Structures are given as C-alpha cells and as structure tokens.
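Student: Okay, here's the structure, questions in a sec.
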Amino acid sequence: MPLISPSRFDGPLVERDAEVARLEQVVSLLRSGRGAILEIVGDPGLGKTSLLAVLAGMVAGSGARLARGHAIRGDAVRADAVPGQILRSAWEEHPDLARLGGTGALDPQSARALATTWADGAGGAVLLDDVQWCDPRSVEIAVRLVRNPVPGPFLLALSHRPRQTNPALLDALDDGVRIGTVTRIVVPPLTPDAMCELVGRWSGAPAAYGAAEQDETHDRRLGDAAGGSPRNLRILLAAGWDPVLWPFRAGGDPGGLVREAAALTSELDLLSADAGAVLRAAAILGDPFRPEDVTEVCDLPADRVLAALGELSQADLVRQRGHSEFAFRDPVLGHVVHEHASLSEQSVGHRRALDLLAGRQTAAAVLARHAEHLLGTDSGTAAPILARAAAEVVARDPAAAAHWSGLALDYIPHGGHARAEVEILRARALIAVGRLDEARTLVHEVLGHVSELPWQIALRAYGAAADVERLLCRYSEAEAIAATALSLLPAREEGGSLPLEAVMMVYEYALVQSLRGDHIQAREVIRNAVDTSARPVHPTEIAIRCLEVCQDAYVGDVAVALRGMQQCAAAVDALADPQAGQSPEMFVTLGTGELYLERFDDAARHLQRGLKVAGGGAQLHVVLHGLLGLAAVELFTGRLETATQWAVQAEKLATAIGSQEGAGLAKAIRASATIWTRGQRDLPEILALAESAIADVESDHSWWALSALGLASQVQLLGGDPEGALRTMLERADGQDVAAAQPALEPSLKGVMALAALRCGDLPAARRWTEEAEAAAARLSLTGQTASAIRARAALHLADGHPDLAVDLFERAADRFDRAGAPIQRAWTQAMGAAAADAAQGHDAALVWLDAASAAADALGALWVREDTARARAELQTLQTGRTDTKQPPRSDADALLGMLSEREREIAELAAAGLRSREIAQRLFLSPRTVEAHLGRVYRRLGVSSRGELPRIIGNGGGEAAD
C-alpha cells in the first residue's frame, strides 16, 4: 500500500543501496526458477513499506506474478474478520480463490495449493506488509510457508515490526535465518548525513537563520529529533519543526503534524478508552513518565493505569525504562499523541501536571512546558514560571530562554523592576543565539528608563548593552556605555570586594578594551577594580582572571602569565559545564592565552570544551571566538586541513552574524593554511583571499584585525610578494606597526618583515627588524618565537655571505621549531637552510636538509614546501654541474618537476606513463587501486597536469613495462 504523504515527500530511497541490492539478489533467484523467503524487519517509520514497493517494481519487471497484502491493526480481534485475511486480500485475482467456496476462509493446506499454482510458469511473489497485525489463521499459514517453503519460483516477502509480531512466526523466521532458507533484511535508522539529504529534498524553504552553516546545524538537529526515521522527519517538517521549541513542542503547526501523522492517529483510535486516556496523559507529562503521575493527570485508578500501560507496551507505543518509568517509543510519537488530544484535555492535563510537579519543588525549566499551555487561562501563574525557567537555562540553552522570556513578557505589565529584569534576561539570551539587532532594540528600551531602576539592575542593563555593541563591532559605543556603567559603581571599601554585578561590568569593559587592542588599559581596569590576588570562585570571577592572564600573555609578560595560567586552568577545569556556561568566554580567553604561550595542547582542549559549553553552537559569538582559536592552534601545529575546516566554519558563522572582523581573521587563517597545502598552482586565488581578509579588517585596530594582518603578510611573502607583505605590516593598519602592536608575536612578525626586506634587497631594514625580533625574543623566552628570530638572523648571515654562520643558526632554528610543536615552520626553515648547507658543507649536506624538508612536507601535506625543495634541488644541481665543469647540460624543467615527487609517486607515475592501468600498477606494487589513484592525484597536482595522458610528455614512456 502507498504511504500516506503529500507529493513533496516522493523521490528515490536514500541510503538504502545495500538493502536494494539484496532485493535484487532475491528477484534474481526468482528469475532463475528458484524460490526464496524474504523478511524485512525494523521499527515503525524506517521505510519497510518503501522497500516492499521497490521489490514490487522489481518483481513486476521480471514478468512474475505479483500479489500484495497489508494487514490492518485490529484484524486479529475483529469479529467480522475472515481467517487468513491478509493472504486472501493479496490473492484477490487468483483464479483458484473462488473455488474455496463457503466463507472463503483460507487454511494452511489451501494456502499452500494457491501458492503452488501462483508459482507456475514465470513464477510468482506474495508481498505481505505489517504482518505483526495478522489474524491467527494468517500467522499459522505464514508459519507453515516459512517452515516448509513452496518449491519452484515462489517468493514470499514478509515485512513486520518484531516487537509486535506473533512469537510463533518470529521463531519460524529465526529458524529459517539460521538454516539459510530465510533472507533477513534489518532496516536501520538513517544516518545523520542521509537525514540531512532528505531534509534538503523535502524542505520547501531555507532552514533557521538563513545562513549555510546554520542550515546544516538546523538540518542535523532536525534529523536527530526524527531519530533517523523518514516518517518522523515528514511529520516534523509538516509541523514546522523549530529548534527553539523542541523538545517541548514539535513546531508551530500542530494541525500539519496531525494531518501528516494520519497513519499513526488511526492506530491510536483503535486503543481501548483507558489506554487512550493513559497515553494522552503520558504525552502531557512528557518523557519519561511514571505510572503514579499518569494516575494523577488522567484521574484513573492505579490498577486501570497499569493495565492500560500493559496494552500500550504490547502495542509498542510505550516502552519501559528501568523499574518505575516509561517512555514513548520515540519523541515524535509523544508529540502526535499530545496534539491528537482535545484542547480541553490538554488544558486540564497540564494544569494537573503543573500542580503535581510544583508540589515537589521541581525546577522551573521542567514546569515551563506545562506553564506555556496555561497562558491565556492562568497567565498570572504561568508568566513568572516561564521567566524563572528562562533564567535557569539561559547559560546552557539560550534559545529556550529567549522563547520562554518572550512568552512571559507578553503577560508582564509594562514598567517596573520585574519587567526590566526579564527584558535584560531576554536580551542576554538573544545575544547568545546571535539575534543581535533584536537584543539591541530590547536593551535600549530598558536604558530609556534606567534612572528608575536600582543600580544593580541598571548595571546589568548597561552590561547587556555594552555586550551587544561589542559584538556588533561598535567598540566606541560599547566603551562609552561601559564607562557610564562604571561611573555608577559604589566605592569599594578598603579590603572589601565589589558586588557581582560590578565585577561583571568591569569584565565587560575590559573585554571591550581587549578586543580594541588596548590590553594594557584593560589590565589596569581589572587590577584597579578587582582583587586579582584572591582565589576566584564564581564563574564570572574566574572569567575575569582568565581575561587578565590572556592580556598578560598578549603584552609579553610571560612569567606573570604562566603563573596565572596555571591557577586559571585549575579553576576552569574544576567547573562543571553548567557553571562554566555562565561565562563561556573564559574558555576563549584562557585558550588564546595558552596559544600565545605556545601551550597548544592545553589551548585546543579548552577551546574545544568551550564550544561544548557554549551550547553546541547556541551562543554564537562565543562559538565564533572558539572556532577562530582552534583554527589558529591547528595552523601553528601543522594540522593544515583541520585548520582550514575550522576556518571555513568560522568564516560562515561570522558572515551569518555580521562580524566582518571575524570573517577577515577566518579568511587570513584559511589563506595561511591553503598556501601551504595547495602551493603555486592556486596562488592567485590564495593571494586574492588574503587581500580580501585585509580589506575586511584594515579599517579597524582591533585584536582580530591585527592578527589577520600578520597572517596575511606571511601569505604574501610566501606567495612571492614581499613588497605587499611589508605594506600590510606597515601601512594597512593606518600606519600602525602590526608587529609592535602584538608583543607576544613580535619576534615572528618582525622575522617575516626581515625576510621580506631581504627578498626586496633592503639589507639595512632587514638588519634592523632582525635585531628587533631578537630583542623581543629575549624578553619573551618562548621557544617558537625565539626560533623565528634565529631564522631571520640566519637568513641575514646568508645574504651577507657568511654561510658557515647561517647554517648553524638555521639548524638551531629548525630544532626550536620542532620543540615548540611547529612542524610546518621547521620544514620551511630546513628548505631555506639548504643553500647555506651547500655553501658551507657541500652538496651532499644540502641534500640531507632538502630530504628532511621533503619528508616533513609529505607528512604535513605541505605542497608549497615540496615545491620549494624541488626548486632548491634544481638550483643546487645547476650549481653542482658548474662546479664539476662537466659537459652535461643542466637538468631540464621536467627533471625539476620530477624532483617534487616522492620515490613512490615517481614510481607510480612512470608506470602510468608507460601505459599501465591503476589496477595493474596496484598488482605490481602490492598496493590497493584506491591507493594508486590517491598517489596519481597528488602527482597530477604537483606536476600541473590534469590526466595520465600528459605524463609521457614529462616522464617519457619508458619508465615501466606496458601491460601485455
């Protein structure tokens, strides 16, 4: 039977290739004159009926006879049901059916006779759906046919839900699977990727927020809510699924949900009166539920509730959890049951549930689902509960907090302290989910009458206003608002401490100063207002200490930063996620400080936890900072592909929430990673990306802007534009020296400037910037930063004609980069040092340097270093040829290109150029064909060709033996 669904849900099956392949095998047996028994088993809504429909098409195409039957719930107990109903309905057109006479009831013997004649000639198939609802005679016939298969080309296919199927039939099928007479297909839930594909196919409009990365997050959450079930997905789409409402409501269109769930509600209508009442009470309570609570809500005696739960369990509508709790088969079913109840039943039930749970001192967030349903009938009770619920969850689920506080505000009178507090709470929730314009409008409404509010509430309003202006990158406005708020602070008594509201305001002001790049001012604000010597306890106190430590690290006060970092890390690690969620920025500031101090593993750990604590993507501004921090960590530690992935996510999110600076920094990180991995071939595109990053940030002087400019400058240097690199460092920030403005990174940035000056032939400038890099490195005493200064000095020695001094410094720099955990910089240093090794130690020594750089490049996927070493080899070979004064011509361009390949890549390329196919190469070299193809893909990229047909031009065709 066809699915009950609108045409927009039509289309081919998704992620069922393996199941379809097994159907094809069964039909192939039928074509060859042999029979089969097929079992399709799985939970409701996973697509068993759809697979039967595919099988029906295959059987019809084979020329065999086709019969289809579908059991209906209630067949087993209906007084007017004909025994053997499902088979009788399937064989309505069987020529021998009329000969049965009488009531037309089937028995096992007559059914077997019908099956035998149905298999005559080209064969026949009987496809039976929802066999779990068969009448006893149909079960008996099915058991006989399974245990004693009909000879010849006869296919019996049974689709059923195992939890509801007759035990005798289950035993027969299990035995058949064991002895090989039954083919069983277990239909699993769809994977998240498959559910996303279905959402994309079935959705008529873009998902939440309208941005690509938000669409993907929305689709994955929707697929997760559906539990991998296509039917549940259709129901949720028809309901207008909203992640803000889930799991308390399915969506904003309950009528659409009920219409799409018609097949489910028809099952519900067949329940006994008690079972229906108990099921609706359970839906009002929500998962999981206890029998005694159901008794209170549905007003039935305990014994009848327990009997009804037995009926519901047998129907697989609810399932027992442990000894005292039950839950719906899946959450979507619970929502269908809830919306199938009448409005009066919902209202009375939620009133009873609210009274019951409130009497147990249950958290407001649990009561909120019931309070929502009382708005309009008992708003005086419901609105305060929703406001308290929003306050409880704002840190871990700001979307729900925004929803509940918005509902509460509709019923709280205008004016007064209570409304102002809920408005500030809602503004905070809106900020966390990236709805910044709405938050700004709301909080400015509060500021319009701030003089009427107590200073504690006023401070919270100013804090929210400064926060939203900061996130909109309006730093001047944010600073002005924060400064106004600070002027309201009461004087701190000697030895006393500021109240928490004041600490939060100081934190907000210091955060604004840090993002503007004024870390020294931010540190002073913190130290003047807060006793940072005391051990922090409250999450806001810990957050402000993390910010201070990040500032210490940024300005290069390394010793102080290291001491503070240890204390902060211990305090942060000791916080439970709900506590940390009150100030999730602490993970970003702590992780960023650890990044500056070259504690990359700790930085990655805290930044990743920050993403989790920020609500899985709910607090978008925190998520953006975390993504950028992780991308930077992966870039510095040489995990280039992962760095690119984090940067892409950050760029999409920054664009979605309107953060141009965030997008600029993400582009700069992505350009920095991709120039290493993609090399010369994509250089114009990469340089254009770096220029786009510069354009995004050059009008600002924030921390993000300075960080982006420093990264973009190195991209320009690697891309062959040293003049552009210097302009970026010296002119693109309104004349501000980008390197000097970032003390923690000054040695590496001044080192880039020195290398760029050498490429431009400006030795005096290179000498000056090298000295400044060395002085900064001496102040910091950080391994990686020191390595950058040493490398700049080595390059300067080489340019000055002192390769003996240079080679020793290049080696020391490479070693320090290795100890710092910066493998890509180590490989680049080794490639640079080969020329010094050649001049000071000879050709063979230089090749050792290049071999080491090439091996590291291969391990890191750094094509740029591989290309650089290939060029260096070609140049050294030319020099060597000149030294030996041979008559041999210099290596050709083709030889230089081949020098870019590893031994294995060259071996495979030569065999391919000789005409061998991938499978033949794989057999010869004891590799898999997929591995050969992967090697050839890298060969094409490195040689700048698009197919193996171009390889003979570069390699020749004699590198291997052609296939016979």
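The values are calculated or read from the model by the stated rules, or taken from the named source; none is laboratory data. Computed from a predicted structure; not experimentally measured. Cβ placement follows ideal geometry from the backbone for every residue including glycine, while neighbour counts extend to all protein chains displayed.
Student: List, please: which pairs have Cβ atoms under 6 Å, are six or more places apart or on different chains, and start with a residue in the stretch 142-163 that is in contact (Cβ under 8 Å) with a residue 24 or more places away in the chain and end with one that is charged (D, E, K, R) and not in a strand (DSSP E or B)?
Tutor: Ser159/Lys48; Arg163/Asp316
Student: Val865 - would you say it is among the aliphatic types (A, V, I, L, M), at pLDDT 75 or above and surrounded by fewer than 18 Cβ atoms within 10 Å (Cβ to Cβ)? Don't jump to the end; show me each part of the working.
Tutor: Details: among the aliphatic types (A, V, I, L, M): yes; at pLDDT 75 or above: yes; surrounded by fewer than 18 Cβ atoms within 10 Å (Cβ to Cβ): no.
So Val865 does not fit the description; no.
Student: Take the stretch 340-350 and flag every residue that is buried (at least 20 other Cβ atoms within 10 Å of the Cβ) and more than 11 Å from Leu279 (Cα to Cα).
Tutor: Scanning the stretch 340-350 gives Gly349, His350.
Student: Can you confirm whether the stretch 436-456 contains a residue that is part of a helix (DSSP H, G or I), of a type outside the set (Phe, Trp, Tyr), in contact with a Pro (Cβ under 9 Å, 6 or more places away or on another chain) and surrounded by 24 or more Cβ atoms within 10 Å (Cβ to Cβ)? Please lay out each step first, then the result.
Tutor: Here is the first cut: in the stretch 436-456, the residues part of a helix (DSSP H, G or I) are 436-447, 450-452, 455-456.
Okay, now just the ones that are also of a type outside the set (Phe, Trp, Tyr), so 436-447, 450-452, 456.
Restricting the remaining residues to those that are in contact with a Pro (Cβ under 9 Å, 6 or more places away or on another chain) gives 456.
Now narrow it down to the ones that are surrounded by 24 or more Cβ atoms within 10 Å (Cβ to Cβ): none.
Scanning the stretch 436-456 turns up no residue that is part of a helix (DSSP H, G or I), of a type outside the set (Phe, Trp, Tyr), in contact with a Pro (Cβ under 9 Å, 6 or more places away or on another chain) and surrounded by 24 or more Cβ atoms within 10 Å (Cβ to Cβ).
Student: Output the number of the condition that Leu236 fails; it satisfies all remaining conditions of (1) surrounded by fewer than 20 Cβ atoms within 10 Å (Cβ to Cβ); (2) more than 16 Å from Ala327 (Cβ to Cβ).
Tutor: The number of the failed condition is (1).
Student: In the stretch 287-308, is there at least one residue being in the same structural domain as Gly334 (by TED's automatic domain parsing), small (Gly, Ala, Ser) and under 22 Å from Gln132 (Cβ atoms)? Don't jump to the end; show me each part of the working.
Tutor: To start, the set of residues in the stretch 287-308 that are in the same structural domain as Gly334 (by TED's automatic domain parsing) comprises 287-308.
Cutting the leftovers down to small (Gly, Ala, Ser) gives us 302, 307-308.
Next, only the ones that are under 22 Å from Gln132 (Cβ atoms) stay: 307-308.
Scanning the stretch 287-308, I find at least one residue that is in the same structural domain as Gly334 (by TED's automatic domain parsing), small (Gly, Ala, Ser) and under 22 Å from Gln132 (Cβ atoms), so the answer is yes.
Student: Can you tell me which residue in the stretch 79-132 is surrounded by the most Cβ atoms within 10 Å (Cβ to Cβ), limited to those that are modelled with pLDDT under 85 and among the basic types (Lys, Arg)?
Tutor: Arg88
Student: Please verify whether the stretch 47-61 includes one or more residues that are in contact with a strand residue (DSSP E or B) (Cβ under 9 Å, 6 or more places away or on another chain), farther than 20 Å from Val186 by Cα and modelled with pLDDT of 90 or more.
Tutor: Within the stretch 47-61 (the criterion being in contact with a strand residue (DSSP E or B) (Cβ under 9 Å, 6 or more places away or on another chain), farther than 20 Å from Val186 by Cα and modelled with pLDDT of 90 or more), the answer is yes, since at least one residue qualifies.
Student: Ok, one more. Give the number of residues within the stretch 290-308 that are in a helix (DSSP H, G or I) and within 20 Å of Leu357 (Cβ to Cβ).
Tutor: Going through the stretch 290-308, the residues in a helix (DSSP H, G or I) turn out to be 291-298, 302-308.
Narrowing further to those that are within 20 Å of Leu357 (Cβ to Cβ): 291-298, 302, 305.
Final tally of qualifying residues: 10.
Student: Can you find a residue that is surrounded by fewer than 21 Cβ atoms within 10 Å (Cβ to Cβ) and closer than 19 Å to Leu30 by Cα anywhere in the stretch 152-169?
Tutor: yes
Student: Another one. How many of the residues making up the stretch 759-771 are in a helix (DSSP H, G or I) and either surrounded by fewer than 22 Cβ atoms within 10 Å (Cβ to Cβ) or basic (Lys, Arg) (or both)?
Tutor: Of the residues in the stretch 759-771, the ones in a helix (DSSP H, G or I) are 759-760, 763-771.
From what is left, the residues that are either surrounded by fewer than 22 Cβ atoms within 10 Å (Cβ to Cβ) or basic (Lys, Arg) (or both) are 759-760, 763-765, 767-768, 771.
Adding up the residues that qualify gives 8.
Student: Consider Ser476 against the criteria (1) assigned to a helix (DSSP H, G or I); (2) within 33 Å of the chain's Cα centre (by Cα); (3) under 20 Å from Leu511 (Cα atoms): it satisfies all of them except one. Which criterion is unmet?
Tutor: If we test Ser476 against (1) assigned to a helix (DSSP H, G or I); (2) within 33 Å of the chain's Cα centre (by Cα); (3) under 20 Å from Leu511 (Cα atoms), just (2) comes out false.
Student: Going by what's in this entry, would Ala559 be described as surrounded by fewer than 24 Cβ atoms within 10 Å (Cβ to Cβ), farther than 22 Å from Ala739 by Cα and without any contact (Cβ under 8 Å) to a residue 24 or more places away in the chain?
Tutor: No, not satisfied.
Student: Here's a follow-up. Please report, ordered by residue number, the helices (runs of 4 or more DSSP H) entirely within the stretch 634-730 with at least 3 residues that are within 29 Å of the chain's Cα centre (by Cα) and not aliphatic (A, V, I, L, M).
Tutor: In the stretch 634-730, the matching helices (runs of 4 or more DSSP H) lie at 640-656, 660-678, 683-697, 703-718.
Student: Could you please give the count of residues in the stretch 615-629 that are at pLDDT 85 or above and under 14 Å from the mean Cα position of the chain (by Cα)? Before the answer, list the steps.
Tutor: Keep residues of the stretch 615-629 that are at pLDDT 85 or above, which gives 623-629.
Still in the list and also under 14 Å from the mean Cα position of the chain (by Cα): 623-624, 626-627.
Residues meeting the conditions: 4.
Student: Restricting attention to the stretch 309-324, and to residues there that are in contact (Cβ under 8 Å) with a residue 24 or more places away in the chain and within 21 Å of Trp133 (Cα to Cα), which single residue is surrounded by the most Cβ atoms within 10 Å (Cβ to Cβ)? Step through it out loud before you land on a result.
Tutor: First pass over the stretch 309-324, keeping only residues in contact (Cβ under 8 Å) with a residue 24 or more places away in the chain: 309, 311-312, 314-318, 321, 324.
Adding the requirement that they be within 21 Å of Trp133 (Cα to Cα) leaves 309, 311-312, 314-318.
Working: Leu309: 22, Glu311: 17, Leu312: 23, Gln314: 12, Ala315: 19, Asp316: 16, Leu317: 24, Val318: 27.
Ranking the candidates gives Val318 first.
Student: Right, here's the next one. Please tell me if Ala853 is crowded, with 23+ Cβ neighbours inside 10 Å, in contact with a helix residue (DSSP H, G or I) (Cβ under 7 Å, 6 or more places away or on another chain) and either assigned to a helix (DSSP H, G or I) or outside the structural domain of Ala874 (by TED's automatic domain parsing) (or both).
Tutor: Values: crowded, with 23+ Cβ neighbours inside 10 Å: yes; in contact with a helix residue (DSSP H, G or I) (Cβ under 7 Å, 6 or more places away or on another chain): yes; either assigned to a helix (DSSP H, G or I) or outside the structural domain of Ala874 (by TED's automatic domain parsing) (or both): yes.
Considered against the rule, which asks whether it is crowded, with 23+ Cβ neighbours inside 10 Å, in contact with a helix residue (DSSP H, G or I) (Cβ under 7 Å, 6 or more places away or on another chain) and either assigned to a helix (DSSP H, G or I) or outside the structural domain of Ala874 (by TED's automatic domain parsing) (or both), Ala853 comes out as yes.
Student: Residues Ala382, Ala395, Ala402, Ala408: which one is within 25 Å of Gly610 (Cβ to Cβ) and modelled with pLDDT of 90 or more?
Tutor: On the way: Ala382 fails: within 25 Å of Gly610 (Cβ to Cβ); Ala395 fails: modelled with pLDDT of 90 or more; Ala408 fails: within 25 Å of Gly610 (Cβ to Cβ).
Exactly one of Ala382, Ala395, Ala402, Ala408 is within 25 Å of Gly610 (Cβ to Cβ) and modelled with pLDDT of 90 or more, namely Ala402.
Student: Say whether the condition of being part of a loop (DSSP other than H, G, I, E, B) and free of Cβ contacts under 8 Å to residues at least 60 places away in the same chain is met by at least one residue in the stretch 400-407.
Tutor: We begin by selecting, within the stretch 400-407, every residue part of a loop (DSSP other than H, G, I, E, B); these are none.
Looking through the stretch 400-407, none of the residues is part of a loop (DSSP other than H, G, I, E, B) and free of Cβ contacts under 8 Å to residues at least 60 places away in the same chain.
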